[in-house]
Each structure stands twice: as C-alpha cells, then as structure tokens.
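Each reported figure results from applying straightforward, stated rules to the coordinates on display, with no laboratory input. Keep in mind that what you see is a predicted model, and the values were worked out from it rather than measured. We place every Cβ from the backbone using ideal geometry, glycine too, and count neighbours over all the protein chains shown.
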Amino acid sequence: MFALGASVCAASILNPVGPVGIAERTILLDSLAIMLAIVIPTIVATLAFAYWYRASNSRARYMPDWAYSGRLELIIWSIPALVVLFLGGIAWLSSHRLDPAQPLDSPNRPLEIQVVSLDWRWLFIYPEQNVASINELVVPVGVPLHFRITSATVMNVFFVPRLGSEIYCMNGMVTQLNLQADQVGVYPGLSAQFSGDGFSGMHFAVRAGTPREFNDWLAHSRKAGAQLDDAAYGQLRRQSQDERVYAYREVRAGLFDDIASRKLPPGEGPRSSDPSAQVSPHGRQ
C-alpha cells in the first residue's frame, strides 16, 4: 500500500504546498495590501472627522458655503485610481503567468493525468502508466502534473485547495491544468460546484509521496486492481454515492478520448422528482 508518514492536513489556500498555490497566495496578499491602502485611511479619516466635528468641539469651523477644492478632489480620486491600476496590473500579469494550460517551469518531465468527473466520484487515469484510480490521486513530489479534465455527466469543478487553480470539467470538452506538489502529504480535493444528491461526498485525496512510494503504488495497483474496459466504465457511469477508493490495473486504450468526444454515452446527470425539470449533460430535457 501507499504509505506516507505525514498526517492529513487541513485544506487551506493560505497554506499551499506547490508553486501554483504559492503564487496565488502572493497575489491574494498583494491585492489585500493594495486595497488596505485605501480602506485604512478611509476608516481613520471617518473616525477623525466624526471626532473633530462633534458638537462639543468649539474649535471646529462650520463652513456651510464651502463647495469645491481642486486639491481635495485630486486626493479623493487619485488614490482609488492608483488602487484600480495596481489591482488591474496584478490581474493582467498573473492571468498570463498562471494560465492553467501553461506548463510549469521544471527540469522534470510532467506526469500526464486524465480526470473524469462522474456522478458522484472522480476517475483518474494515468495513460503512460496504464493504471487508473477512483477517488484517490497519487502523485510524486517535485514533479509537474499535467491534467486533462472532462466530465462524463453535468458540469463540475476540479479543485485541490493546497495545490491551487480550480478548473471546470465540462461534458464534451477537455480543459487543461498544470499543478505540482512539493511536500509529502495527503491533501483533500473536492468538487467545487453543486451537481446533485451525491455532491457532498464527491471528494478525493491527493497523496503526494516520494518517487519510490509512487512506484510502489503503481506496482500494487497493477497486481490488485481490476481492468477498466468499456464494461467496467459502464458501471462507473451509473449514479452512485459510494466513496470507496480503489484502482484499476489496466485501462482500455483511448478511453478518456472516447469519453471526452462522447463516443461513449454520458451519464444520466442529477435526477429530479419533476420529469419536466430533468437535467442531462446536454442541458435541460
């Protein structure tokens, strides 16, 4: 089994364990600091004006005919304008630098992982290793992870808070995401969009270990797992709130592409007691 000495850590975007999460935390803190540059002076000025112009202060000058001051207008408008410019600059630069499809700068070759959201579980396929797992994502530390993500049912959102960058899973489409885990540990992953009755249990564990531990897990999966062929996928496609973790020793070639291109039929999608409100991966029926 995949053994790790680290305990399960709390999910927190402010406690990242990879380069993408660290960069996103920096953006969040920088944005907070820029906004505080106008929020704090505004609060202080409000309290100062209220104190100075209190009824008991005879030194406060009452000027009912005062209407305009160019210097004051310059101060009032320049500070918010600078805040908008700084925040816009951060958003512009970071949106390009942290593009989900942008490969990470690393001397290591990326690990290819294909992700399929189902009702209500996650399927992870390792095409180069020819294995797959349900509700468990096992990765080596320090290695870039290149995800190709789709949905076999309704729209969903793939998110590992401590690694960063959530992204949508859409039926008939493939999105890309690049992440990396730099610390050994177990990190929670989740579905970040409501998708029906089993949504609350649609979570998974990201187990980041050493390359040797990752290889041990691969060897164990190839011995103990079942085969993921069309028949096995047909069982996965059925709605289930089973949160068990298990692996497949072999994956039928081209399975992910057939799911993404709809050569294999999609799942039923969340059901409704009202037949007219039935939802399918293609929209309302």
**Complete:** The answer for trypsin sites (Lys or Arg not before Pro) in region 145-244 that fall in a DSSP coil and have at most 12 neighbouring Cβ atoms within 10 Å is 238, 244
**Request:** Among 38, 111, 100, flag the residue with its Cα farthest along the positive direction of the charge dipole of the chain, charges on Cβ as +1 for Lys/Arg and -1 for Asp/Glu.
**Result:** 38
**Prompt:** For mean projected area of the Cα convex hull in nm², which listed value, (i) 13.6; (ii) 23.0; (iii) 14.5, comes from the coordinates shown?
**Reply:** (ii)
**Among 169, 234, 147 the positive-end extreme of the charge dipole of region 111-264 (Cβ point charges)** = 234
**Interchain or long-range residues, amide H under 5 Å from residue 251's placed H** = 228
**Prompt:** How big is D, in µm² s⁻¹, for region 111-264 by Stokes-Einstein at 37 °C and 0.692 mPa s if Rh is the Kirkwood radius over C-alpha pairs?
**Reply:** 215
**Residues 90, 134 arranged by fewest to most Cβ contacts within 10 Å** = 90, 134
**Axial C-alpha extent at least 24 Å, average Kyte-Doolittle at least -1.0 - helices from the chain (DSSP)** = 19-52, 70-97
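Count the DSSP beta bridges whose two residues both fall in the chain, then state the antiparallel fraction as a percent rounded to the nearest 5. Let's see the in-between values first.
On the way: 30 of 47 bridges.
Of all bridge pairs located within the chain, approximately 65 percent are antiparallel.
With a cap of 14 neighbouring Cβ atoms within 10 Å, and only residues DSSP puts in a loop, list the trypsin sites (Lys or Arg not before Pro) found in region 5-111.
In loop regions of region 5-111 (DSSP not H, G, I, E or B), the sparsely surrounded trypsin sites (Lys or Arg not before Pro) are 54, 59, 61.
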**Message:** Give me the percent relative contact order of the chain, please, defined on Cα pairs under 8 angstrom at least 6 residues apart.
**Reply:** 22
**Message:** How many angstrom lie between the Cα centre of region 190-269 and the Cα centre of region 9-75?
**Reply:** 48
**Request:** Quick one: compute the contact order of region 111-264, relative version, from alpha carbon pairs under 8 angstrom and 6+ residues apart, as a percent.
**Result:** 30
